[in-house]
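See structure below.
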Amino acid sequence: MLHHLPARTACVLLAAFSIGAAAASDPAVRYRVSFPAPEHRYAQVEVTFAGLPPVPLEARMSRSSPGRYAVHEFAKNVFDLHAFDGTGRELVPTRPSPSQWDVAGHDGTVRIVYKIFGNHVDGTYLAVDASHAHMNMPATLMWARGLDARAATVSFAPPNGSKWQPATQLFPTDDPWTFTAPNFQYLMDSPVELSDHDVRSFTVRNPDGRTQTIRTALHHDGDASAADEYAAGAEKIAHETAAIFGEFPAYDTGTYTFLGDYLPWGGGDGMEHRNSTVVASATSFRNAGAVQAAMGTVSHEFFHGWNVERIRPRSLEPFNFEDANISGELWLAEGFTEYYGRLILARAGLLPGEQGASLLTSVPEIIAGPGRIFRSPVEMSRMAPFTDAAAAIDQTNFSNTFISYYRYGAALAAGLDFTLRDRSNNRISLDDFMRAMWVAHGKPAGAAPGLVGRPYTLEDARARLAEVAGDRAFADDFFNRYVEGRDLPDYARLFARAGLVLKKRRPGHAWIGLVDTPAQARPTRWRRTGVQGVPDAAGGFRIPDLVTWGTPAFDAGLDEGDVIMKVNASRVASVDDWQAALGARRPGDRLSIEFTRHGATRNTTVVAAEDPALDVATLESTGGTPTAAQTAFRGAWLGSRRK
């Protein structure tokens, strides 16, 4: 894209800008995607660029993908590439970078034919096998710099004898296998599922009377009743979500599509797009409860149809396909979406008996997370290029310095929701803030489908909160302390309004932050609450991971690789020995620890503390009885918004 071009000579820049000023008469970029041998997990792509100026064509594979913030280097899966001019004469591309092929000497037309391997079902990559083709466009289609404004035509050729059908948000044509996109941004944001999938649909209506269609296109192994149950759940979620914003977005084709892959040999993910979403899980819809389990991702991703696809941070608009995308607003774009994902399920009646405690599990995590010492929600958001499905060989200390902006943002959303409700006696809530963001930043139309008309900044979000709360000083204080700062709301007091309590998980138990709980009670997220010891060949047990910052074990100088040999002169040969020694202690007790490090014996003293782990619980689960006011407050929070 012209938006983020690296420095190059003035003449090439001038040529690039002349290409970018696309006219309505410029020929569309044409793609043909076929699957000669799907069992071998590759697609064949033919792309034709016509009406080109007499400068080398810069053909690219993307390095990033909408909804993903790290670099993924999709060019690695391209092979057997050939280039031709308009007469069919073969041209020899040069390779100035891993993701780029330059084609010179053409006659105004360049046709590139290549194969691309894909065997990973999720929202980011390409997956091809005998049962389907699951295509994320940045992982599949090559494009050319400077042609961003041109339309594209994409034709698919399914394998001979297959029962595949297409499902996509691309614009349909008279040919059921040919689709169009109005511009490059829309094309790259339009995943495609080709399979023998099961389709259901329902109609939604906006206050202005406009009707639209929502479809579920499911590639799954269940029977018709599973597809029916899925669509029924999606319909409840759709209406409950629209009730927050007051309307559905104007889907560019009049249709929104869930592209679902639910097969035991598949993958798992959820990835939002403008008029569709990819939802996948390595599960079988023949299993009891499998459809219900899928609804959480459905709810989360559908909320994104407003929040991030249209209520979009300026830092992500337009999306840069040549580099990682950094944004300080993911606490809102992703974290608030995570909070609403489960809240909407409760409001839609898809979490029977839910009383709110399970919707707030992010809060104890954030309270205990050491990363808050080092980074605010804004700063955590900017770490996405290093943490969002990003791979690295070298070890990081993210277990101590990073908290997911999903979880941090969800906790922040809960804090703001309860704060607004507390201030207004439930007359104003986070729903009002989200609707204000929608009206000001999501609803205004962009210059073309796929483009956002009024993306927001951090200051815009602050201003919308001031408007909703009717108090600029409050909005400034909230953003300064909790969004750009590292403080936390007073969750215990706020939750009490709904008859919810923050309680200690193990009151009175000694804790040092190092394998403190019995095996059957150990949390799965070791990096949040400690590390699991493993036996060492020399006896004792080796600490396999970084010790959590600020714990008694950390303060005593213990860390990854140390082998604990003795506690108070008693031999330690296993994790069970360690826990037996710790189980007899109380908070405040001192433990003399002998350990080895790089072959040398060392000694330290650890002062046990009380286990700080918290849980959110209903007042009634602790033996209390909610007041009428608490019950009403909780009901206003969890109750349906549909009229």
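Side notes on the structure shown:
- Alpha carbon centroid spacing (whole Å) that separates segment 257-280 from segment 167-204: 14 Å
- Look at where the Cα atoms of segment 382-457 and of segment 559-588 average out, and the two centres are 42 Å apart.
- Loop-located trypsin sites (Lys or Arg not before Pro) in segment 231-287 (DSSP state not H, G, I, E or B) with no more than 14 neighbouring Cβ atoms inside 10 Å: 286.
- Mean separation of Cα contacts under 8 Å, 6 or more apart, over the residue count of segment 219-337: relative contact order %: 24 percent
- Heavy atoms of residue 602: accessible area, 1.4 Å probe, square angstrom to 10: 110 Å²
- Residue-level accessible surface for residue 117, protein heavy atoms, 1.4 Å, Å²: 90 Å²
- Compared with the dominant Cα axis of the chain, that is its longest principal axis, helix 628-638 is turned about 30°.
- Gain on full stretching of the segment that runs from residue 627 to residue 119 - 0.36 nm per residue minus C-alpha separation: 177.4 nm
- Here's the list of aspartates and glutamates a cross-link from residue 115 could span, going by alpha-carbon distance under 18 Å and ignoring same-chain residues fewer than 8 apart: 39, 46, 73, 80, 90, 102, 129.
- Estimated from the Cβ-Cβ distance and a Förster radius of 25 angstrom, the FRET efficiency linking residue 94 and residue 34 is about 0.40.
- Relative contact order computed over segment 80-128 (Cα-Cα under 8 Å; 6+ residues apart), in percent: 34 percent
- A full extension of the chain between residue 459 and residue 25 corresponds to an added length of 152.2 nm, given 0.36 nm per residue minus the alpha carbon distance.
- Packing, as the average of other Cβ atoms within 10 Å across residues, places the peptides 560-569, 127-136, 298-307, 215-224 in the order 298-307, 127-136, 215-224, 560-569, highest first.
- Rounded to 5, percent antiparallel among DSSP beta bridges of the chain: 80 percent
- FRET efficiency, 1/(1 + (r/R0)^6) with R0 56 Å, evaluated for residue 211 and residue 504 via beta carbons: 0.60
- Ligands, DNA and RNA aside, residue 451 has an accessible area near 50 Å² when probed at 1.4 Å.
- Stretching residue 82 away from residue 481 to a fully extended chain increases their span by 138.0 nm, per 0.36 nm per residue minus the current alpha-carbon distance.
- The accessible-area ordering, largest first, of the residues 58, 46, 484 stands as 484, 46, 58, per a 1.4 angstrom probe.
- Rounded to 5, the percent of DSSP beta bridges in segment 182-277 classed as antiparallel: 45 percent
- Residue-averaged 222 nm ellipticity for the chain, from DSSP H runs of 4+ at -39500 (n - 2.57), nearest 500: -7500 deg cm²/dmol
- Note on exposure: 503, 443 ranked by accessible area (1.4 Å probe, complete protein assembly) read 443, 503, with the most exposed listed first.
- Across segment 375-463, C-alpha contacts under 8 Å between residues 6 or more apart give a mean separation that, scaled by the residue count, equals a relative contact order of 16 percent.
- Using the Cβ-Cβ distance between residue 610 and residue 570 with R0 = 25 Å, the FRET efficiency computed as 1/(1 + (r/R0)^6) comes to roughly 0.65.
- Taking the DSSP bridge list for segment 14-153 and keeping only pairs wholly inside it, about 95 percent are antiparallel.
- Computed over the alpha-carbon atoms, the chain gives an Rg to Rh ratio of 1.01, Rh here being the Kirkwood radius from the mean inverse distance.
- Pairs exceeding a 32 Å alpha-carbon distance, out of 236/443; 503/643; 76/443; 443/503: 503/643; 76/443; 443/503.
- With a simple spin-label model that places each label point 7 Å from the Cα along the Cα-to-Cβ direction, the separation between residue 425 and residue 474 comes to 1.4 nm.
- Counting charges near residue 214 (Lys, Arg +1; Asp, Glu -1) among other residues having Cβ under 11 Å from its Cβ returns a value of +1.
The values are calculated or read from the model by the stated rules, or taken from the named source; none is laboratory data. Small disclaimer: the values here were computed from a predicted structure and weren't measured. FYI the Cβ positions are ideal-geometry reconstructions off the backbone, even for glycines, and counts take in every protein chain you see. Side chains included, ligands, DNA and RNA excluded: accessible areas come from the protein's heavy atoms. Shrake-Rupley method; radii C 1.70, N 1.55, O 1.52, S 1.80 Å.
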